[in-house]
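Everything on this sheet refers to the single structure shown next.
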């Protein structure tokens, strides 16, 4: 519009009027040019009108239809909106399923921990011992002293059962077939004991065989005769007297039982009703006792080497009862130790202070090891150990210092005057500790006591 106004108010200068008066042809030409100018101005105004905001918006609308879709957001169709909604619903459903799965896993983990805690409570020795059953062979009831064992089991409120077992004069243990989940990954998952029957009862691998003294002597003599005749233990031999028939049956049953049950551990308890002095009873003569000792030792070595059978000589049924009680308590502690992953060295404590000193390949850490070794002695503080190891950096240096001294007294007093730094007052190591360290490094007696 400004261009149109300028075109309508166009004025001619004085020079142009003079030229018109002087040159009429020029005026005609100027008029013609004015007409052209008016035409041009009209065209310019038309163009300017077309560039107004209304026309510009229309032009932009036309241009945007031609431009690429990235410059202006295209309106989505209904199918695209539905597809987008379905994707969002699927994502929400997937997130919901993930949350439910995590919640279910937490519940399962909580339930598993609860079951583990209940099982741990069940496997505690004071609870598990109530589930064990002491099985006593019926033949042992023929001995009047067996009443001591039965009365003791009843007083302790432990389960006991009288039955005929596959091994004569035996005492065994059975417990519930409870599966134990081991914490240590190197141990296979299973139950502590070995054999399980249809009723869910597991028989322990420990067996006690109670043998009177006279029958054990007959077993020793039968073994000696069998060895002289080159006959294996437990096999039938000709010319055996009637007094050895029971001993032969015990030997045969023991060998057959250990052959058919290799996982069992049998312990023989020999009962003597007389007080013993040394290895055997007092009522034997010295010559007969010496020969009998040799035969017994040979028989014990044979049982230990070939059958892994240990023999204990006990006096009366009270000691047998104490032995049964000790075995029962030990068997009751076994499942709990396995469940908790009892390490091979149970006395080792956990923690950085008990892990020892790390020694690098370049020897860094050996000085601290040397200090720790001195601290293992009684009544040795870290300050005293540091005073000695600070002066003598290694045991070899201290041994060289000992060798340089001629008299033994000088060697013993070598560390006595070292100053211990620490505490309120300075003090010396003292002759007593210096003498102990000298004995530690120079003594050749492995059984020597340092204190």
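The values are calculated or read from the model by the stated rules, or taken from the named source; none is laboratory data. Keep in mind it's a predicted model, so treat the numbers as computed, not measured. Reconstructed Cβ throughout: ideal geometry from the backbone, glycine too, with neighbour counts over all protein chains shown.
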Quiz item: Do we find that residue 113 is under 39 Å from the mean Cα position of the chain (by Cα), at negative phi, at pLDDT below 90 and assigned to a helix (DSSP H, G or I) in this structure?
Solution: yes
Quiz item: So which pairs qualify, if the first residue must be in segment 188-217 and modelled with pLDDT of 90 or more, the second must be exposed (fewer than 15 other Cβ atoms within 10 Å of the Cβ) and not in a strand (DSSP E or B), the Cβ gap must be under 6 Å, and the two must be at least 6 apart or on different chains?
Solution: 205/194; 205/263
Quiz item: Assuming residue 168 fulfils every condition listed in (1) surrounded by fewer than 13 Cβ atoms within 10 Å (Cβ to Cβ); (2) at pLDDT below 90; (3) in the same structural domain as residue 216 (by TED's automatic domain parsing) apart from one, which condition is it?
Solution: (1)
Self-check item: Of the criteria (1) buried (at least 16 other Cβ atoms within 10 Å of the Cβ); (2) modelled with pLDDT under 90; (3) assigned by TED's automatic domain parsing to the domain that holds residue 253, which one residue 380 fails
Solution: (3)
Quiz item: Could you count how many residues in segment 228-274 are surrounded by fewer than 14 Cβ atoms within 10 Å (Cβ to Cβ), modelled with pLDDT under 60 and not in a helix (DSSP H, G or I)?
Solution: 9
Self-check item: Members of segment 281-332 that are in contact with a helix residue (DSSP H, G or I) (Cβ under 6 Å, 6 or more places away or on another chain) and modelled with pLDDT under 90
Solution: 295, 296, 299, 307
